[in-house]
Structures are given as structure tokens and as C-alpha cells.
1. Of the residues B:242, B:287, B:280, only one is small (Gly, Ala, Ser), without any contact (Cβ under 8 Å) to a residue 60 or more places away in the chain and within 25 Å of residue B:89 (Cα to Cα); which?
2. Test of understanding: among A:22, A:83, which residue is surrounded by 17 or more Cβ atoms within 10 Å (Cβ to Cβ) and more than 25 Å from residue A:298 (Cα to Cα)?
3. From the set of residues in the range A:1-16 that are among the hydrophobic types (A, V, I, L, M, F, W, C) and assigned to a helix (DSSP H, G or I), which is nearest to the chain's Cα centre (by Cα)?
4. Go through the range A:269-300 and report how many residues are of a type in the set (A, V, I, L, M, F, W, C) and in a helix (DSSP H, G or I).
5. Give the range B:90-122 a look and list any residue that's more than 7 Å from every other protein chain (Cβ to nearest Cβ) and hydroxyl-bearing (Ser, Thr, Tyr), or say none.
6. Going by the conditions given, is residue A:337 among the hydroxyl-bearing types (Ser, Thr, Tyr) and either in the same structural domain as residue A:162 (by TED's automatic domain parsing) or not in a loop (DSSP other than H, G, I, E, B) (or both)?
7. Condition test on residue B:33, is it of a type in the set (Val, Ile, Thr), assigned to a loop (DSSP other than H, G, I, E, B) and away from DNA strand C (no atom under 11 Å from the Cβ)?
8. Do the conditions hold for residue B:146, that is, is it crowded, with 18+ Cβ neighbours inside 10 Å, more than 10 Å from chain A (Cβ to nearest Cβ) and touching a Lys or Arg at 6+ places or on another chain (Cβ under 6 Å)?
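The values are calculated or read from the model by the stated rules, or taken from the named source; none is laboratory data. All values reported here derive from a predicted model rather than from experimental measurement. A quick note on method: Cβ atoms are made from the backbone with ideal geometry, for glycine too, and the neighbour counts reach across all protein chains shown.
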2 protein chains.
Amino acid sequence: MAVTIKDVAKLAKVAPSTVSRVIANNPRISQRTKERVREAMEQLGYYPNYNARSLVNQSTKTLGIIIPSSARIAFQNPFFPEVIRGITTKAYVEKYGLYLSTGQTEEELLAEVKEMVQSRRVDGILLLYAKQDDKVMPYLIEENFPFVLVGRPYDDQLKELVSFVNNDNVKAAKMVTEYILLLGHRKIGFIGGNLEYTVTIDHKEGYRRALANAGIPFREEYVVYYDEVEEGGQEAVIELMSLEEPPTALIVADDLMALGVLRMLDEMDVSVPEEMSIISFNNAMISELSSPPLTTVDIHIFDLGFQATECLIEKMKDPERPPAQIIIPHKLIKRQTCRRLLKS
Amino acid sequence: MAVTIKDVAKLAKVAPSTVSRVIANNPRISQRTKERVREAMEQLGYYPNYNARSLVNQSTKTLGIIIPSSARIAFQNPFFPEVIRGITTKAYVEKYGLYLSTGQTEEELLAEVKEMVQSRRVDGILLLYAKQDDKVMPYLIEENFPFVLVGRPYDDQLKELVSFVNNDNVKAAKMVTEYILLLGHRKIGFIGGNLEYTVTIDHKEGYRRALANAGIPFREEYVVYYDEVEEGGQEAVIELMSLEEPPTALIVADDLMALGVLRMLDEMDVSVPEEMSIISFNNAMISELSSPPLTTVDIHIFDLGFQATECLIEKMKDPERPPAQIIIPHKLIKRQTCRRLLKS
DNA sequence: CTGAAAGCGCTTACAG
DNA sequence: CTGAAAGCGCTTACAG
């Protein structure tokens, strides 16, 4: 029913192989027949059958995007849409299609990834998370399947083996802490995300280092982790504000959580930034729209996705190329949630 | 290099056709050989080649998701991630894969959709937007390609022709307006989204009807449209608050915009809900996290995606089935941004 | 510069 | 119950 290469060949009075060659714009075909064939294609509204093509080329020209199984929560976080936007943008110019994972649990995801690679549904994979005990990445490494990670491997030993695009989250968190320190704060709370994710570990490390450099003791009770974005920020606030010496500043895992923190503080009638300074990460659009607008660090999420895609495409072109580690710079965005601590 | 059906056949000492039949679990194959073949598949780690399969079956078992070309802005809106989550969930249980559009302009998108359907990359399409002068939907209709729309067609004449899953946005907006009216407000501002989208038109119509029923004149200066989510809410507020008789209540297109509205009002020192009531749509997570938490209407975005997918799959199974129009219910979520107008 | 043939990895009538 | 053959719609050596 659909028009095939044979139909075009018949109309243009050439062999199917010739049609195939003009599609590929093979230079050995004369200009005259190229034109005739193109006209026929136009006239019939011909599009090459993608599956037939992929079958013989052993390549699908599509990239798989693996979203963490906790997508229920994850997708609420503006981070993912924004990386995907970066991916989409690069994929479009490179004429790659995008295939989305659908698994909802870690097991489902792993099974899905296996299917994707073994059934040759995609040519390469973009892994959008890095966490402890993850089975997907080891599988990809074992299969020697082209992929790039957004984030960094949980296991340091894998660092040399995989290509990844990441921020220097340790440095970013250290800088953020130093900034707060410079504003005179000494009691600084840390509200991290799920400790299974590498970002959280790195943030904490940066926080720790900054404190150490400043000669300020690290207090366990000031650091708190929540993986539930939804209520997380709010519960964390309750916990921290109930301390005998509550913090005067808070470093928060991401903007969405910071929103919850702001709301809880508002409910408790502690005003930001007068009585509490807040700084978070990501610079999502909501950070600009919140009241007061959030001081945050822009981690250039779009670029993370864009460059990961670029890197993956490079890798697919040249499988021999050694793993690349790309660090995307970050930038402090000062808005209105941080203030110098008044002497009391 | 990859293991094929022939390898399995050889190992199991049967013909390739037999292997194919056990994959399909054909009842005519004896239990004994089924077991032998399955063992061989297991042993070799066999996965059927997806492209070969699709080629002969003329079906890819994948669905295309078309995200509006304005994805740059759109994707910042929690609406899209959430519909996609609904789609993903249903697609997973039905064992469908998901293919994502990447076009950034309307022309790119149209070209991409054409390629998707003509090249047989997908079996059906989920259209995530409905707007004026859109060329994608007419194309799909003309090609008689299975698709379902999330939203409703801009052109009323198409209503009978296409399957869609939507909220009753007129009713929702009418209800919202009536609620505000019941709280004693008479000067009610309306901050809509882009007028090219059907949601905006429907919201406005509901607003209009509620006012008419209450015998309150419709005032042009109270209605204002912004398509830029980012600054939109804020500019709208400036515009409305500069009126000689500024509104005492605001109906806002969606939660994200409402966040901007809240922020601007905060800057102007008008307190919510004491001096201004605000109600919006969507019930995204941010509506709960904002301060004060937003009164909004839950439109069950997840269900929109889930049911659209279900509907599409039905349609693909039975192409003769008449178009289905599914309306997802909405629900007022009272939080803290609306208050009875005090007599002044 | 162009064509005939083989092959990519499956599935499915058709035989037996 | 199972196999041999044809075919899905392409591409690409191999000839000429």
C-alpha cells in the first residue's frame, strides 16, 4: 500500500538500486537520472521505509533516553524536562530520533535497557542518573554498548571507563557554603537529596570541605537527607528548626525542595532572608518566580543534555575513542534569599 | 555478530520458522520442541531483531509523542512531564515503546511527523497540543493515521472526526469564576495563556458565562493574555494593578504563572489572600509548595496522558471504531489563596 | 553510470 | 507438528 522503492524505480524507469543510490546521493549517479528519480519520488510522495533501512544498515539512528525508575517523583523535578530539552535540541540537528524508557521500577528498567540494546532498537544510550547499586550502567559497560552518563558514576573505579557529562558538584557546593560563610553565618544546615545519588554525596563533600577550611566543626545534626521532593523540604525544616541551636542558613538540594522550605518557613513565620538565608541548586524557572526569588546555582542543565548527546554521537562514530569526561561550569545566581548575618 | 534466529535454530536442531513460532508461542508447536528452543534461546541470550520484526509485521509497537514546537517554554511547564508520565505508564503495561518528537519550530515538527508516519517509525501518535492554524492534525486526518489529541481541536468542525481526551475547560473556568463570585468578588481579573490554544479560549468562555449568569458586565480591561510563562504572570499583574479599579481577585491560566503573579504581588506589597484572591489551574506540585499554597483546579494531567494512550491503542486495534471523546473530570483544590471579599 | 543479485533477520502461507 | 520458500523494503558488493 505504501509506496516503495520499486514504485519509484518503475516510474523513473530505473532499477531499485539506482533509486537507493540517489537517496544516498551517490556521486556516481548522473545528474540527469538523479533528477528524474527525485521527480518520481516527489510525485509519489515516497519516504524510505525506516525499518527496512535500519535492518540492512544495522543502525537505527535513534538514541535511547533512560529516565530513572523513580520517574514518578523525578519527572516533577524541572531537571529532567530541561536535560531532555538539551538532548532534543542536539538530536534534532544530528537527525537522530529519541526513544524514551518507560520502566517504573529498577528491574523493569534493566529489562527494558537489555531489550533496547539487544533488539537493536537504538544506537546509543543517554543515562540520566547515577546511583548506588545501579545495574544498568554495569550492563552497558559489559556489553560495550555506546552510552554516556549525565552525572558521574557512583563507583569511582568506573570513572575511567565511562563517558560522562557532569557538573563539579563538590566545587559548587563548596563555593555555595563559602558564600554563606562569608555572609557571616556559622550555623549552616544542609538539606540534601537521596544519598544514593552521586549529586548528594558530592554536595555534602563540598559542604564539608568548606566548613573544614573555615575551621568550623561539622555537625551531624545539621545535615539531613530527603528523597521525597514533595514533602521533603518541609519535613527537613521541621527537623532543623527544632534543634536547640537552629541554623541561620540553609543549603538546599534543589530549587523545588527550596520552594517547600520557603513555604514551611513562611508557615513558621520565620522570614527569608531576614531570619534565614537559603541557597539552592539548579536555577530552574521556579527559582526566579518564587517569593522571594531564590539565590541558587545555575548548573546549565540544558548544556548537560546537549553535550551528553554530542559526546554520545562522537562515541558512536568512533567506538575506539577513549571515554570523555566533560565538566559543565556552574554559576552562582544571587537573588534574594541570602543575607549577611546580623550580629546578635 | 549478534545472535539470530538461525543460531538458535541450529542449536535447537529445528528450522528457523519453528523458532519464530515458539517466539510467537504458536499452539501448533509441541511442548517438547518449545522447551528445547527456549533453552537454546536462553543459552545464546537471544533477542529478536526489532527491525526485522517490524519490517515483516508492518508495525513497530511504538507510539510517537508530539510535543508542541514551543517546547522551549512548554517543557518548563509541569504539564508536559506529567502527561508524559501518564503516557509512559500505560505504554509500559501495553508493551509499547515511546518515540519523542524533536522539532523546534512548527515547520520542523510537521516535517518530522510526516517522516514518522510515512517511514513507519510509529504505529500511532499522541498529539499533546491543540492550537490555531496547526498543520499537524489536518495532515494526520488526511492520512487517516491513528492518533489521539490531548486537548480539543481548535476547529469545531473537526470535533466529530478526531479522538481526543480533554477536560471540560469551559466548565472548570466557569466553576472557578462562580467560586470567586460566591466569595463576594465583583472585580475579577483573568490572566490567560496564549489565545491560539484551545484551553485559553475555553477558560475565557467559562469566565464569561459565569459573569453573564451573575449579571456582571464583562470588562475587556480585566482580561489579559500572556504566552510567555516566564515573565508573563508578572507583566499581567502590572497591567491589571495599574487599572483605575484594579481587580480584587485573579483567575490565572496555570500554576506556574500563578507563581509569577504571587511574586509580583509580593513585590508590590499586596498580600494574598487578604488583599487579592488567586485561583489557578493544574494542581502541579508547585501549587502545593508555593507560599501561600495555591487554590487551584486539579485537571488530572496524569489521567489525560494515560487515557489518551489507552484510547490510541484501542483505535489502532480497531481502525473502524468511531472517534472517541473522553472528558476527564476536574476538581477544585481549596488551599490558601482565596478569601471572602471584605466589605469596604 | 547503471542493473541483477544477494542478503539484512524475521514471519507466514503452503506443503507434507 | 515441522520445514522450505517467499517476501517485507531496503543497500551494496559485483559486473559490465
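1. Of B:242, B:287, B:280, the one residue that is small (Gly, Ala, Ser), without any contact (Cβ under 8 Å) to a residue 60 or more places away in the chain and within 25 Å of residue B:89 (Cα to Cα) is B:287.
2. Details: A:83 fails: more than 25 Å from residue A:298 (Cα to Cα).
So the residue among A:22, A:83 that is surrounded by 17 or more Cβ atoms within 10 Å (Cβ to Cβ) and more than 25 Å from residue A:298 (Cα to Cα) is A:22.
3. The qualifying residue nearest to the chain's Cα centre (by Cα) is A:5.
4. First, the residues of the range A:269-300 that are of a type in the set (A, V, I, L, M, F, W, C): A:270, A:272, A:276, A:278-279, A:281, A:284-286, A:289, A:294, A:297, A:299.
This time we only want the ones that are in a helix (DSSP H, G or I), so: A:285-286, A:289.
Total satisfying the criteria: 3.
5. If the condition is that a residue be more than 7 Å from every other protein chain (Cβ to nearest Cβ) and hydroxyl-bearing (Ser, Thr, Tyr), then B:96, B:101, B:105 are the ones that fit.
6. Numbers: among the hydroxyl-bearing types (Ser, Thr, Tyr): yes; either in the same structural domain as residue A:162 (by TED's automatic domain parsing) or not in a loop (DSSP other than H, G, I, E, B) (or both): no.
No: the conditions fail for residue A:337.
7. Values: of a type in the set (Val, Ile, Thr): yes; assigned to a loop (DSSP other than H, G, I, E, B): no; away from DNA strand C (no atom under 11 Å from the Cβ): yes.
It is false that residue B:33 is of a type in the set (Val, Ile, Thr), assigned to a loop (DSSP other than H, G, I, E, B) and away from DNA strand C (no atom under 11 Å from the Cβ).
8. On the way: crowded, with 18+ Cβ neighbours inside 10 Å: yes; more than 10 Å from chain A (Cβ to nearest Cβ): yes; touching a Lys or Arg at 6+ places or on another chain (Cβ under 6 Å): yes.
Yes; evaluated as a whole, the condition is true for this residue.
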